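Enquirer: Please see the structure below; I have some questions.
Throughout, read-outs are computed from the coordinates displayed, never taken from laboratory work. Just so you know, these numbers come straight off a predicted model, no measurement behind them. With ideal geometry, Cβ positions are generated from the backbone for all residues, glycine too; neighbour counts draw on all protein chains shown.
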Amino acid sequence: MAFDLVFFGGTGDLVWRKLMPALFQAYRHDTLPEGGRIIGVGRDELSDEQYRLQIQMRFEQVDGAKRPNSEEFARFASLLCYVRMDLTNPEAYAKLKTRLSEREANSVVMYLSTAPSLFTTVCEQLAASGLNTPQTRIVLEKPLGHDLASNRAINEAVGKVFKEQQIFRIDHYLGKPAVQNLFAMRFGNALFEPLWRREHIANIQITMSEELGVEKRGAFYETTGALRDMVQNHALQLLCAIAMEPPINAHADAIRDEKLKVLRSLKRWTPETLNQHVIRGQYAPGIIDGKPVPAYREEAGVHPDSSTETFVALRTEIANWRWAGVPFYIRTGKRMASHEAHIHINFRSTPHEIFKNPAGQFNTLVIHLQPKDGLELHLFAQDQSKRNQAGSNNALSPVHLDLDFDKRFGSQRVGAYERLLLDVLGGRLNLFVRSDEQEEAWRWVEPILHHWRFDALGPRPYGAGTWGPSAASAMIARDGFCWSEET
Ligand code: BG6
């Protein structure tokens, strides 16, 4: 299956940091369809050979195991070529068309890893040059807008040129192996489904914490913040994967219909819940890995009085029969105590205690997304060594079952971008976001953005290297729970 994969923004960060390494891994794993061409598009004046050289140099900054040796790179590089284009110049698209018509590829993928402000222009120009053939697919990287109106405007502009089945909106969290295993665990096994509901689940916690700060993206982050950067997309997609009903089959629209229902069932915000159930924070100076790090407001590109949030914790509920009354907590931030992502499903306590259960602990199913990938089931058991002289022991101790997918499937793990790129090339939409899902997610976060605009208090400071402002712990404590790492 010969493909042409065009990277608009071909010299940009995302391409060399994530997309090229992912394609190289697929090439190495022998899963990249044969006969492909990878065409970088950028403003710089480069020959194919110079582009290959640039990518080769960038590969040196890539994680050791994912780096090709020179022989491997030479083979991979034969797929790469380059077209210089000013994306705002209609004539430039003729050059791309000439390059693409050198041969007849079975599928052409246009990957927009440019500034979102160019999405509409690029789509219009692709249509004007007849490059929106039925064999063409388009991939859109986030951010897709900064609110509902701008998201709709992009979706409408792209929708005029491409059919929904041709549009692949990336949320790289959906490509993480743990998320696919969450679907497999829920819908490929019968064990948990009877328990997966309000009668048995006390609360659900989604944590996505990073140690990194905003790095060189200060100016971008200033107008984005954690709610738009992580919650509107990644966190809500995880929440959907946990809370959705079993789809009628494994087709993309069946899955996306169920996710959409979850988003539509999210409890609407009220002035009271906006005040009490959403906490925003911003990192102050602190220590990460034993080294001092500056405050967010001291980062390059950030305003010294910035009120952009680098942390969000919130509580929500899903108003339907399965989940009514079960709190879902979401927490994400930069410069936190550790880099990890996991989902904790905390089950209810036994209805009548005959043993002494450890205080405040639950039977918990933990879905680890990173750094490790796997499932843990936390239960209670009797520790025989702790029997007293009378031979009795009423106290239970925590034990856990550990399904480590890295160990079990380790030899050939497929990374998020690798999985998603292969799915685009294969025309599989299951792990991509439909426009109505995306719009519904914006509809839900907008009242928060609006509330913050008029909230003079601003984000609460938290020390870099901590788990965020204490208000986030107070919020969950009001329900009688605590965040998972604090148990
Ligand atoms: C991106 C955000 O979508 O996800 C970044 O824009 C964030 O700010 C990144 O760092 C986190 O992804 P991961 O896979 O490293 O958890």
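Enquirer: For the range 392-445, what class follows from the C-alpha gyration tensor (a ≥ b ≥ c being the square roots of its eigenvalues): rounded when a/c is under 1.5, otherwise prolate if a/b is larger than b/c, else oblate?
Expert: Working: a/c = 5.35, a/b = 1.61, b/c = 3.33.
Note, shape of the range 392-445 comes out oblate.
Enquirer: Per residue of the range 202-211, in order, report the coupling 6.51 cos²θ - 1.76 cosθ + 1.60 (Karplus, θ = phi - 60°) as ³J(HN,Hα) in whole Hz, putting x for Gly and Pro.
Expert: 7, 6, 10, 10, 10, 10, 9, 10, 10, 8
Enquirer: Calculate the spin-label point distance for E164 paired with R28, positioning each point 7 Å from the Cα along the beta-carbon direction, and give it in nanometres.
Expert: 3.8
Enquirer: If you don't mind, there's one more thing I want to ask. Within 10 Å of each residue's Cβ, count the other Cβ atoms and sort L96, L260 from fewest upward. Intermediate values should be presented prior to the final figure.
Expert: On the way: L96 23, L260 20.
Fewest-to-most ranking of L96, L260: L260, L96.
Enquirer: Between D404 and N69, what length comes free when the chain is fully extended (0.36 nm per residue of separation minus the Cα-Cα distance, one decimal in nm)?
Expert: Numbers: separation 335, 0.36 × 335 = 120.60 nm, distance 2.95 nm.
So the chain would gain 117.7 nm between D404 and N69.
Enquirer: Continuing with this model, one more query. For M110, what residues show an amide H to amide H distance below 5 Å, using hydrogens built from the backbone and excluding near sequence neighbours?
Expert: Close amide H contacts, sequence-distant or interchain: V6, R137, I138, V139.
Enquirer: When the Cα atoms of the range 204-262 are enclosed in a convex hull and the volume is divided per residue, what value in Å³ results? Display every interim value, and only then the final one.
Expert: Details: hull volume 6.5 nm³, N = 59.
Cα convex hull per residue, to the nearest whole number: 110 Å³.
Enquirer: Round to a whole angstrom and tell me the spacing of the C-alpha centers of the range 226-242 and the range 261-326.
Expert: Answer, in whole Å: 11.
Enquirer: For Q50 and E102, FRET efficiency with R0 = 25 Å and r from the beta-carbon atoms, rounded to 0.05?
Expert: Details: r = 19 Å, r/R0 = 0.78.
The calculated FRET efficiency here is 0.80.
Enquirer: Rounded, prolate or oblate: which fits the range 344-413 when a ≥ b ≥ c are the square roots of the eigenvalues of the alpha-carbon gyration tensor, with rounded for a/c under 1.5 and prolate only if a/b beats b/c? Please list the in-between numbers first.
Expert: Numbers: a/c = 4.41, a/b = 2.01, b/c = 2.20.
Because a/c hits 1.5 or more and a/b fails to exceed b/c, the range 344-413 counts as oblate.
Enquirer: What residues have an amide H closer than 5 Å to that of G463, excluding those fewer than 5 places away on the same chain, when H is modeled at 1.01 Å from N in the peptide plane?
Expert: Under 5 Å from the amide H of G463: A284.
Enquirer: How long are the semi-axes of the equivalent ellipsoid of the chain, taking √(5λ) for every eigenvalue λ of the Cα gyration tensor, in whole Å from largest down? Show your work: numbers first, answer last.
Expert: Values: eigenvalues 341, 133, 107 Å².
Three semi-axes, in Å: 41, 26, 23.
Enquirer: Give the angle, between 0 and 90 degrees and rounded to the nearest 10, that separates the Cα long axis of helix 177-187 from the longest principal axis of the Cα atoms of the chain.
Expert: That works out to roughly 60 degrees.
Enquirer: Using 0.36 nm per residue of separation minus the Cα-Cα distance, give me the extension gain between A254 and F355 in nm, one decimal. Walk me through the intermediate numbers first.
Expert: Values: separation 101, 0.36 × 101 = 36.36 nm, distance 4.41 nm.
Stretched out fully, the A254 to F355 stretch lengthens by 31.9 nm.
Enquirer: What angle do you read, to the nearest 10 degrees and between 0 and 90, between the alpha-carbon axis of helix 435-453 and the longest principal axis of the chain?
Expert: So the helix axis and the longest Cα principal axis differ by about 60 degrees.
Enquirer: Find how many whole Å separate the alpha carbon centroid of the range 466-487 from the alpha carbon centroid of the range 141-196.
Expert: Their Cα centres are 29 Å away from one another.
Enquirer: How far apart, in nanometres, would the label points at Q61 and K386 be if each is projected 7 angstrom from Cα along the Cα-to-Cβ direction?
Expert: In this crude label model, Q61 to K386 measures out at 5.0 nm.
Enquirer: Hey, what angle do you get for helix 252-265 against the long axis of the chain, alpha-carbon based, 0 to 90 degrees rounded to 10?
Expert: For helix 252-265, the angle is close to 50 degrees.
Enquirer: Is it possible to state the helix-based mean residue ellipticity at 222 nm for the chain, with each DSSP H run of 4+ residues giving -39500 (n - 2.57), the sum divided by total residues, to the nearest 500 deg cm²/dmol? What is it?
Expert: -9000 deg cm²/dmol
Enquirer: How long is the gain from N320 to K267 if the chain were fully straight, where each residue apart is worth 0.36 nm and the alpha carbon distance is subtracted? Each step should come with its number before you reach the end.
Expert: Details: separation 53, 0.36 × 53 = 19.08 nm, distance 0.95 nm.
Taking N320 through K267 to full extension adds about 18.1 nm, to one decimal.
Enquirer: Using only the Cα atoms of the range 3-141, what are the Rg and Dmax in Å?
Expert: 14.5, 43
Enquirer: Given 5 Å bins starting at zero, what is the percent of C-alpha pairs of the range 120-240 in each, up to the one with the largest pair distance?
Expert: For the range 120-240, the binned pair fractions read 2, 8, 14, 16, 15, 14, 13, 10, 5, 2, 1, 0 percent.
Enquirer: At 7 Å along Cα-to-Cβ for each site, give me the label-to-label distance between D289 and R348 in nm.
Expert: 4.5
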